[in-house]
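Scroll down for the structure; my scribbles are underneath it.
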Amino acid sequence: MARRRPMRMAYSPVTNMLRRSYVAVDQALERDIPVEEVMGEHDEKRAKALKGRRLKREEMAERRHFLQTSLGLTGAALGAALLGVPRPAFAGDVDPDVRIVVIGGGLSGLRCAHRLNELGIPSTLYEAHPSRLGGRCFSDTTFFEEGAEVEHGGSFINTEHVSMRHLVINLGFSLREINGGSFGDGEAFYHIDGAFYTNAEANDDWFDMAPKFRQALNDAHYPQTFDAHTEEGVRLDNLPMTEWLAEIGAPDRFSKLVQSDTVMEYGLDIEANHALAPLYLLAWNSRSTIEPLTGGDERFGVIGGNDQVITAMAAELPPGTIVMGKELIALSGNPDGPYTLTFQDGTTDVADILVLAQPISKLQELDIEPSLFNSFLPAHQLGIQNMLMAKNSKLHLQFNERTWINPVDVGGGQILTPNGNCYQFPLDGFQLTWDETVGEPLRHQAGIALVVRRQQGGRAPGQ
Ligand SMILES: Cc1cc2nc3c(=O)[nH]c(=O)nc-3n(C[C@H](O)[C@H](O)[C@H](O)COP(=O)(O)OP(=O)(O)OC[C@H]3O[C@@H](n4cnc5c(N)ncnc54)[C@H](O)[C@@H]3O)c2cc1C
C-alpha cells in the first residue's frame, strides 16, 4: 500500500519568524558569529531560492528594517530583544593573548575587524594598497561636475542584502532608490546584432523558454555544491551555456541576450560560463516577464557614495588596527595555528586566528604551505583552485541631458520609451548601460555607466 506523505503543519507568520530566529541563534552560537549575520545570510539564500515570491519577501525585509529603525536597535540587539537571548559573543570569551589578523581592507575584511571591535575583540588588519581602503567598493564624488557620484566597483544594494542595509543605517548613512540605474516608466532596450529586440519580443520568447528553465532548475536545484548535487547539476555545471541554450531551443536573439546578461553579471567570457550561470539568474522570473535580468532588484545605493561605509568603519577602529601597504605573499603554519605571515616588504607576523578576505585571484597567488592548504575545507580548496576572477570594467560618462530616455523609433511603427538600461550583443563594445544618477537631485548632470569587457586573456585581480 502506498504510504501517505505526512502533512506539513502550517505555521503562522509570527511562528515562522520565531522558528527562523531560533534556528539563527543556534547557528550563530555554533559558528560564533552575530545572529544578524546568520539572518542576513538566510535572507540572501532565501532570496535566490524564492525569487518568485519577491513581493512578500520585500515586505518582510521592510518590516524588519522598520522594527530596527523605530526601536533604535542594532540588528544583533533586535534578534536578542525578540528572543530574550544575550548577544552571541563577548570580549570576555576570547583569550586576550590570542592574536587575530585580518588580511584585506575591502568591505568583508573591514567589516570583520569592525564587528570584532564592536564586541570588544582587538585585531590587526593588513591592507596591500599603500593608501586606499575599500578594494572593490570605490566611490568617486570628485571627478565629475557638480559632484555627481559614481561607483567604480559595487554599486547596487538589493532589498535582500539585509546585513549591508543594517550596516549602512547603523553607521548613520541613508539609502537612495536607484533601481538598477533605470527609470521606472520606460523599458529596457536590447540591441542584438545591430537591431532592436524589443522588450515585448524578448518576453514572448521568454514565455516559451521559462518552462525549460524551470524544468532545469527542478533537475539541478539551487545550490549545487561539491558535496550535494544531482546528476543533471553536474552535467549543466560542465556544459557551456551556449550549448545548453541551443539544447533547449532558445531563439537566436534570446540566446544572445542571455549571453550578454550572463557575461555582464558574472564577468567571465561567454565560453567560460556554464549552463548553471544563466539558469540561476533567470529561472525564478515570472513567465510573463524576463526582467529582472540581473537576478536581483538592485534597489539601493548609499547617498554620498558606498565607500563612506568603508571610511566610517575604519574611523571606528582603534588607532593601529589597520596597517596599510602590507601585501601578504606567503602563509605557513599548523592547521590549527599559529600561522606565519610573510609580506611583500620582507616582514613577518604571527596570527593565532587568521581571516583571509581577498579576491579569489589573490588567494590563488598566495604561496600557502601545502600541508596547511590541505587542511582547508574541501570546498575552500576546490574554490581556490578552480574559481575564475571576473574581468568586467565600468566606464563612466557625463552628459548634459538624458538622451537615453528619449522615445525611440524601433521600426514597424513602434515608438518605445527606454528606461536607461541597454543590453548589447556582440560583446566587443559594451554589454550594458545604466544611469548612475537615478534618484539624485536634478541639479546633477546625468551620468551613465557602461560595462565594458577587459581585453581577453588577462586577469584583473582585485580591480
Ligand atoms: C565593477 C564591479 C561592480 C560590482 N557591482 C556590484 C553591485 O552592484 N552590487 C554588489 O553587491 N556587488 C557588486 N560588486 C561586487 C562587490 O564590489 C564585491 O563583492 C565586494 O566589494 C568585495 O569585497 P571584499 O572585501 O570581499 O573584496 P575586495 O573589495 O576585493 O577587497 C579585498 C582587499 O584586499 C586587499 N588585498 C588583496 N590581496 C591582498 C594581500 N595579499 N595582502 C593584503 N591585502 C590584500 C585588496 O587591496 C583589497 O583592498 C561589483 C564589483 C565590481 C568590481
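The values are calculated or read from the model by the stated rules, or taken from the named source; none is laboratory data. Remember, predicted model here, so these are calculated numbers, not experimental data. Note that each Cβ is placed from the backbone with ideal geometry, even for glycine, and that neighbours are counted across all protein chains shown.
Please specify each residue of segment 187-219 satisfying the condition of being closer than 20 Å to ALA283 by Cα and of a type in the set (Gly, Ala, Ser). Working first, answer last.
First, pick out the residues of segment 187-219 that are closer than 20 Å to ALA283 by Cα: 188, 190, 199-219.
Within segment 187-219, ALA188, ALA200, ALA202, ALA210, ALA216 qualify.
Kindly evaluate GLU201 against the criterion of being part of a helix (DSSP H, G or I), touching a His at 6+ places or on another chain (Cβ under 6 Å) and more than 16 Å from the ligand (Cβ to nearest atom).
The answer is no for GLU201.
For segment 213-254, which residues satisfy the criterion of being touching a residue at least 24 places away in the same chain (Cβ under 8 Å) and aliphatic (A, V, I, L, M)?
Listed by number, the residues that qualify are ALA216, LEU217, ALA220, LEU236, LEU239, MET241, LEU245, ILE248, ALA250.
How about segment 107-122: which of its residues are surrounded by fewer than 23 Cβ atoms within 10 Å (Cβ to Cβ) and in contact with a strand residue (DSSP E or B) (Cβ under 8 Å, 6 or more places away or on another chain)?
CYS112, LEU116, ILE121, PRO122
Within segment 129-159, restricting attention to residues that are small (Gly, Ala, Ser) and surrounded by fewer than 16 Cβ atoms within 10 Å (Cβ to Cβ), which residue is nearest to the ligand (Cβ to nearest atom)?
Across segment 129-159, the extreme among qualifying residues is SER131.
Please tell me if GLY172 is touching a helix residue (DSSP H, G or I) at 6+ places or on another chain (Cβ under 6 Å) and over 21 Å from LEU397 (Cα atoms).
no
Is it the case that segment 86-95 has a residue that's small (Gly, Ala, Ser), more than 8 Å from the ligand (Cβ to nearest atom) and in a loop (DSSP other than H, G, I, E, B)?
Yes.
Restricting the search to segment 354-410, which residues are outside any loop (DSSP other than H, G, I, E, B), under 21 Å from GLU327 (Cα atoms) and acidic (Asp, Glu)?
Those that are outside any loop (DSSP other than H, G, I, E, B), under 21 Å from GLU327 (Cα atoms) and acidic (Asp, Glu): GLU365, ASP367.
Mind telling me which of the residues LEU167, LEU171 ends up being surrounded by fewer than 22 Cβ atoms within 10 Å (Cβ to Cβ) and more than 8 Å from the ligand (Cβ to nearest atom)?
Just a single option satisfies the conditions, and that option is LEU171.
Going by the structure shown, is LYS362 basic (Lys, Arg) and farther than 30 Å from ALA202 by Cα? It would help to see each step written out before you state the result.
On the way: basic (Lys, Arg): yes; farther than 30 Å from ALA202 by Cα: yes.
Criteria met by LYS362.
Being farther than 17 Å from VAL309 by Cα and either modelled with pLDDT of 95 or more or in contact with a Lys or Arg (Cβ under 6 Å, 6 or more places away or on another chain) (or both) is the filter here; which residues of segment 122-154 pass it?
PRO122, SER123, THR124, TYR126, ALA128, HIS129, PRO130, listed by residue number.
Here's a check for you: in segment 84-121, which residue that is of a type in the set (D, E, K, R) and modelled with pLDDT of 95 or more is nearest to LEU356 (Cα to Cα)? First the steps, then the outcome.
We begin by selecting, within segment 84-121, every residue of a type in the set (D, E, K, R); these are 87, 93, 95, 97, 99, 111, 115, 118.
Checking which are modelled with pLDDT of 95 or more leaves us with 99, 111, 115, 118.
Working: ARG99: 14, ARG111: 13, ARG115: 15, GLU118: 20 Å.
My answer is ARG111.
Kindly provide the set of residues from segment 175-189 that are touching a strand residue (DSSP E or B) at 6+ places or on another chain (Cβ under 6 Å) and more than 22 Å from HIS396 (Cβ to Cβ), ordered by number.
GLU187, the sole residue that qualifies.
Inspect segment 166-183 for any residue being in a helix (DSSP H, G or I) and within 28 Å of ALA379 (Cβ to Cβ) and give the result as yes or no.
yes
Given the options ILE157, ILE192, name the one that is in the same structural domain as LEU427 (by TED's automatic domain parsing), at pLDDT 90 or above and β-branched (Val, Ile, Thr).
ILE192
Could you check segment 298-338 and list, in sequence order, the residues that are surrounded by 20 or more Cβ atoms within 10 Å (Cβ to Cβ) and touching a Lys or Arg at 6+ places or on another chain (Cβ under 8 Å)?
Of everything in segment 298-338, those that are surrounded by 20 or more Cβ atoms within 10 Å (Cβ to Cβ) and touching a Lys or Arg at 6+ places or on another chain (Cβ under 8 Å) turn out to be PHE300, GLY301, VAL302, MET313.
How many residues are within 10 Å of the ligand (Cβ to nearest atom) and more than 20 Å from ASN273 (Cα to Cα) if we restrict to segment 353-393?
7
For segment 117-139, give me the residue count where each residue is over 20 Å from the mean Cα position of the chain (by Cα) and part of a strand (DSSP E or B).
3
Determine the pairs where a residue that is among the acidic types (Asp, Glu), located within segment 116-142, has a partner that is more than 10 Å from the ligand (Cβ to nearest atom) with Cβ atoms under 6 Å apart, the partner being 6 or more residues away or on another chain.
Note: pairs meeting the criteria are ASP140/VAL150.
Exactly one condition in (1) within 12 Å of the ligand (Cβ to nearest atom); (2) in contact with a helix residue (DSSP H, G or I) (Cβ under 9 Å, 6 or more places away or on another chain); (3) over 27 Å from ASP140 (Cα atoms) is false for VAL309; which is it?
So VAL309 meets the others, but not (3).
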